[in-house]
Amino acid sequence: MAHFTKATSLHDWLNQRLGIDTLNRVLATEYWIPKNINFLWAMGMILAITFGLLLISGIFLLMYYQPNIDLAFDSVNYTIMQEVGYGWLWRHVHGVAASVVFLIIYIHMFTGIYYGSYKKGREMIWISGMLLFVAFSAEAFSGYMLPWGQMSYWAGMVITNLFSMGGLHLDGLVEWIRGDYVPAQAFLNRFFMLHVLLIPLAIIGLIGLHFGALRIPHVNNQDGEEIDFDAEAKKYLAGDKANSKVIRFMNDFLAKDMMVVGIFLILFFYLVFYHYDFAMDPVNFDPANGLKTPTHIYPEWYFLWSYEILRPFSTNVGLIAFAFAQVIFFLLPFLDRSPNAVPASRRGLFKYWFWAMLIDMIILTAMGKVPPEGIFSAIGFYAAITFIGLWIALPFITKFEKKV
Amino acid sequence: MKELFILVVVTVFTLVTYYLVEPFAHSQMHKHVESEGFTYKDLPALTKKGDATRGKDLVMGAGACAGCHSIEVAGLPAPMDPVTAAQSYGVNPPDLSNAGVVFDAKFLAALIKNPAHALMLEHKYNEKSGKSYPMPQFYGAGGDMDQEVADMVAYLQSIAVPQEKLTPNMAFETACGRCHAVHYPYALDGEIHAPWTQIGEKPTFKHKQDELAFETKVLDYQDALTKYLGTLPPDLSMYIRSRGEHYIKTFMEDPQAYLKGTAMPRVGVTAEAADKVIEHLENVGDSKRHKREEIGKYVMIYIIIFAIFAILWKKEVWRDLH
């Protein structure tokens with residue numbers, strides 16, 4: 001057993017038992033971050049804060065929400081939105097944060113792709129990040145079921161139908177997932193459980209993994225420069241802060257993070273109070289009705305690109321393309337054969353690949369929402385083909401990339 | 001400078017995506033119907049100046065309005081209870097006390113002369129279908145028909161509450177309430193109102209039996225209405241969020257513009273009454289809107305101050321780092 005002495009202060013008392021000084025040093029003051037970064041490096045902190053907002057607002061909503069197909073809609077739209085003090089605020093914060101969190105995730109992902117932050121020892125950061133993306137997607141989808149509006153019901157119908165696997169006709173699997181022939185009470189109950197317990201637990205665990213994965217390879221910087229963190233940290237600690245290439249996580253990095261967070265929150269709360277419709281689809285303010293299919297069924301904006309990869313093809317081909325889109329991002333570190341872990345702007349053909357992929361996904365997103373008719377159908381089809389083509393081309397164009 | 005450039009790139013891509021999935025996509029999915037400002041251009045203008053006293057005689061007498069309609073302000077009760085009325089006519093004929101302030105004068109005149117035409121229901125009630133609208137046409141009481149109609153409209157306007165006294169729930173009940181229920185309670189001028197059913201506000205009952213009896217009546221009424229219209233008109237509790245002001249207003253103005261062949265009649269309200277109906281739906285489905293705007297202001301001020309402090313903190317911390 002360790003040797004304990006009479007504590008001289010509360011700090012000392014805790015320090016002897018928890019090692020808070022060491023923790024503080026390892027996790028904050030001597031956790032070294034490169035200095036050569038821009039505001040895109042603050043997206044992680046914004047995501048953490050937004051997840052916090054989702055968690056806190058979710059806890060308040062959970063106190064009044066009723067997971068019952070006869071009560072759910074009114075418990076959200078009347079009890080929470082109108083009866084409970086500030087219930088409307090928590091719901092708008094929750095709804096808007098659920099949408100905005102994906103915008104930030106996409107910015108975070110494309111930042112990683114642009115700066116090559118998934119290469120050279122950073123593969124696990126990328127993979128854990130993609131697992132988080134999947135977990136957030138499942139969380140968003142299950143949460144969308146809960147108000148039991150028209151879009152909840154029909155999105156639940158359409159997405160669970162995917163598990164029949166087209167030509168394989170696994171209807172039994174679909175029924176097993178729903179616990180019924182159609183989305184009904186069993187379906188709502190299990191998605192409620194997933195949304196408030198299982199998936200949040202998974203997300204919290206994955207956030208731990210994602211942070212842990214950063215520890216050894218360290219955070220990338222905006223020139224892809226390899227930094228000797230030990231030497232630079234010594235320089236910093238010796239007082240030569242200006243010439244050191246690294247900064248402390250706390251307060252140096254945190255101060256910059258919080259600046260970006262502050263500006264982000266202005267946008268966020270503007271959306272919460274004055275421009276929330278984009279995140280709370282009007283169709284979902286009609287109660288679920290299994291006998292009345294809405295004219296247009298579309299997922300929330302952040303799923304549209306993968307929905308559009310499913311849509312332009314025949315059932316089986318569409319499902320294969322859809323499955324491809326779901327897993328292919330995981331393989332990015334291995335499909336990119338280039339030895340260069342530098343920004344895309346310095347990487348030959350990859351530079352064009354990056355912008356083509358970004359623009360293609362925006363086109364897919366747009367086409368995923370509009371009715372699949374005429375020109376939109378054609379654009380969606382070619383954009384989906386382009387998406388698949390770009391991924392197939394990736395190993396080839398990166399293999400012949402010159403070393404910088 | 002480089003960071004500013006990156007910010008511009010991120011913002012542009014975000015806004016383009018937003019534009020495509022929101023304004024653009026919705027413009028492709030939904031038909032846009034422009035409001036005519038409740039002017040009812042297709043209906044003829046009133047050419048005669050009405051006289052309320054003569055109008056009263058017509059409404060009570062030769063016009064035969066009182067045979068079906070109640071006029072409570074004039075002490076005229078309904079000839080039938082709502083359920084029997086709905087079972088006889090399909091829908092309970094409205095009380096006419098406030099018709100003169102809720103409905104447009106041109107519309108009222110056209111309605112008296114030819115209800116199916118004024119209500120835009122000629123696709124349903126015509127010679128070919130052999131069906132006629134439950135309310136009979138007024139063929140005149142022997143004099144100048146335009147004058148007689150103008151007199152009746154003048155009478156209805158004379159008994160209605162003045163414009164400024166028309167409350168949102170009165171407008172809703174007269175214009176929409178006999179077909180549409182609203183199952184959320186709402187507050188108006190500090191008073192809590194019970195959920196609205198097609199036969200009136202749901203009273204508070206001491207005995208379960210009485211409550212069940214009332215609910216049976218509502219179901220009977222709804223059955224008659226469903227038979228008459230082909231479907232039960234939707235509950236409007238959340239319509240202010242699911243459809244929004246523009247859609248609701250233009251739909252009231254011309255339901256056929258959105259749903260060709262719908263059994264929903266043109267409502268014929270004045271622009272002012274339409275605003276009141278919207279206000280009522282806001283009171284029911286978005287009752288915290290004023291609070292939202294008020295709190296929003298304070299939160300924005302708070303968060304801007306927070307951002308300023310965060311920027312100052314960053315500048316302070318990074319002074320030594322450059």
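The values are calculated or read from the model by the stated rules, or taken from the named source; none is laboratory data. Keep in mind the model is a prediction, meaning the values are calculated, not measured. In this analysis, Cβ positions are derived from the backbone assuming ideal geometry, glycine residues included, and neighbour counts consider all displayed protein chains.
Confirm whether A:A98 is surrounded by fewer than 21 Cβ atoms within 10 Å (Cβ to Cβ), away from every other protein chain (no Cβ under 14 Å) and closer than 26 Å to A:F285 by Cα. It is false that A:A98 is surrounded by fewer than 21 Cβ atoms within 10 Å (Cβ to Cβ), away from every other protein chain (no Cβ under 14 Å) and closer than 26 Å to A:F285 by Cα. For region B:198-249, filtering for residues that are assigned to a helix (DSSP H, G or I) and closer than 25 Å to A:A288 by Cα leaves 24.
The number of residues in region B:239-250 that are in contact with a helix residue (DSSP H, G or I) (Cβ under 9 Å, 6 or more places away or on another chain), on the phi < 0 side of the Ramachandran plot and either within 14 Å of chain A (Cβ to nearest Cβ) or acidic (D, E) (or both) comes to 8. Collect the residues in region B:142-164 that are surrounded by fewer than 17 Cβ atoms within 10 Å (Cβ to Cβ) and among the hydrophobic types (A, V, I, L, M, F, W, C), keeping them in residue-number order. If the condition is that a residue be surrounded by fewer than 17 Cβ atoms within 10 Å (Cβ to Cβ) and among the hydrophobic types (A, V, I, L, M, F, W, C), then B:M145, B:V161 are the ones that fit.
A Cβ distance below 8 Å, combined with a sequence gap of six or more or placement on separate chains, defines the contacts here; from region B:284-302, residues that are at the interface with chain A (Cβ under 8 Å from one of its Cβ atoms) and in a loop (DSSP other than H, G, I, E, B) reach residues that are surrounded by 17 or more Cβ atoms within 10 Å (Cβ to Cβ) and of a type in the set (S, T, N, Q) in the pairs B:S287/A:Q82; B:K288/A:Q82.
For (1) at pLDDT 95 or above; (2) closer than 27 Å to B:G261 by Cβ; (3) charged (D, E, K, R), each residue gets a yes or a no:
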position: B:A110; (1), (2), (3): yes, yes, no
position: B:K131; (1), (2), (3): no, yes, yes
position: B:P134; (1), (2), (3): no, yes, no
position: B:G140; (1), (2), (3): no, no, no
position: B:D151; (1), (2), (3): yes, no, yes
position: B:Q157; (1), (2), (3): yes, no, no
position: B:A160; (1), (2), (3): yes, no, no
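When B:L236, B:L281, B:L232 are checked against the criterion of being over 30 Å from B:K41 (Cβ atoms), in contact with a Leu (Cβ under 7 Å, 6 or more places away or on another chain) and more than 9 Å from chain A (Cβ to nearest Cβ), a single residue qualifies: B:L232. Of everything listed in (1) of a type in the set (G, A, S); (2) assigned to a helix (DSSP H, G or I); (3) facing chain B (nearest Cβ under 9 Å), the single unmet condition for A:A325 is (3).
Taking the numbered list (1) of a type in the set (S, T, N, Q); (2) within 30 Å of B:N126 (Cα to Cα); (3) part of a helix (DSSP H, G or I) in turn, B:T262 passes all entries but (3).
For the residues B:K31, B:K49, the requirement of being charged (D, E, K, R), within 14 Å of chain A (Cβ to nearest Cβ) and exposed (fewer than 12 other Cβ atoms within 10 Å of the Cβ) singles out B:K31.
Would you be able to tell me the number of residues in region A:50-95 that are aliphatic (A, V, I, L, M) and within 12 Å of chain B (Cβ to nearest Cβ)? Give the derivation first.
Keep residues of region A:50-95 that are aliphatic (A, V, I, L, M), which gives A:53-56, A:59, A:61-63, A:69, A:71-72, A:76, A:80-81, A:84, A:89, A:93.
Next, only the ones that are within 12 Å of chain B (Cβ to nearest Cβ) stay: A:76, A:80-81, A:84, A:89, A:93.
Qualifying residue count for the region: 6.
Within region B:168-177, is even one residue in the same structural domain as B:L229 (by TED's automatic domain parsing), in a loop (DSSP other than H, G, I, E, B) and at pLDDT 95 or above? Steps first, please.
Applying the first criterion (in the same structural domain as B:L229 (by TED's automatic domain parsing)) to region B:168-177 yields B:168-177.
So of that shortlist, the ones also in a loop (DSSP other than H, G, I, E, B) come out as B:176-177.
Subset that is at pLDDT 95 or above: B:176-177.
So far as region B:168-177 goes, yes, one or more of its residues are in the same structural domain as B:L229 (by TED's automatic domain parsing), in a loop (DSSP other than H, G, I, E, B) and at pLDDT 95 or above.
Screening A:D286, A:D257 for residues that are among the charged types (D, E, K, R), in contact (Cβ under 8 Å) with a residue 24 or more places away in the chain, farther than 30 Å from B:I303 by Cβ and facing chain B (nearest Cβ under 10 Å) leaves exactly one candidate, A:D286. Cβ-Cβ contacts under 7 Å between residues 6 or more apart (or on different chains), taken from a first residue in region B:232-256 that is free of Cβ contacts under 8 Å to residues at least 24 places away in the same chain to a second residue that is acidic (D, E), are listed as B:S242/A:D286. For the residues B:I303, B:I278, the requirement of being within 30 Å of A:F39 (Cα to Cα) and either aliphatic (A, V, I, L, M) or in the same structural domain as B:D189 (by TED's automatic domain parsing) (or both) singles out B:I303. Mind checking which residues of region B:28-63 are in contact (Cβ under 8 Å) with a residue 60 or more places away in the chain, among the aliphatic types (A, V, I, L, M) and either in contact with a strand residue (DSSP E or B) (Cβ under 8 Å, 6 or more places away or on another chain) or part of a loop (DSSP other than H, G, I, E, B) (or both)? B:V33, B:L43, B:A45, B:L46, B:V59, B:A62 - these are the residues of region B:28-63 that are in contact (Cβ under 8 Å) with a residue 60 or more places away in the chain, among the aliphatic types (A, V, I, L, M) and either in contact with a strand residue (DSSP E or B) (Cβ under 8 Å, 6 or more places away or on another chain) or part of a loop (DSSP other than H, G, I, E, B) (or both). Residue count for region A:177-211 under the criterion of being assigned to a helix (DSSP H, G or I) and without any contact (Cβ under 8 Å) to a residue 40 or more places away in the chain: the result is 12. Just a yes or no: is a residue in region B:243-253 within 20 Å of the chain's Cα centre (by Cα), basic (K, R) and closer than 25 Å to A:W148 by Cβ? Taking every residue of region B:243-253 in turn, at least one turns out to be within 20 Å of the chain's Cα centre (by Cα), basic (K, R) and closer than 25 Å to A:W148 by Cβ.
Let's see how each residue does on (1) surrounded by 16 or more Cβ atoms within 10 Å (Cβ to Cβ); (2) among the aliphatic types (A, V, I, L, M); (3) modelled with pLDDT under 95:
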{"residue": "A:D277", "(1), (2), (3)": "no, no, yes"}
{"residue": "A:P287", "(1), (2), (3)": "yes, no, no"}
{"residue": "A:T295", "(1), (2), (3)": "no, no, yes"}
{"residue": "A:L304", "(1), (2), (3)": "yes, yes, no"}
{"residue": "A:S314", "(1), (2), (3)": "no, no, yes"}
{"residue": "A:I362", "(1), (2), (3)": "yes, yes, no"}
{"residue": "A:F381", "(1), (2), (3)": "yes, no, no"}
{"residue": "A:I385", "(1), (2), (3)": "no, yes, no"}
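In the set A:L209, A:L267, only one residue is within 13 Å of chain B (Cβ to nearest Cβ), closer than 25 Å to A:L53 by Cα and surrounded by fewer than 19 Cβ atoms within 10 Å (Cβ to Cβ); that residue is A:L267.
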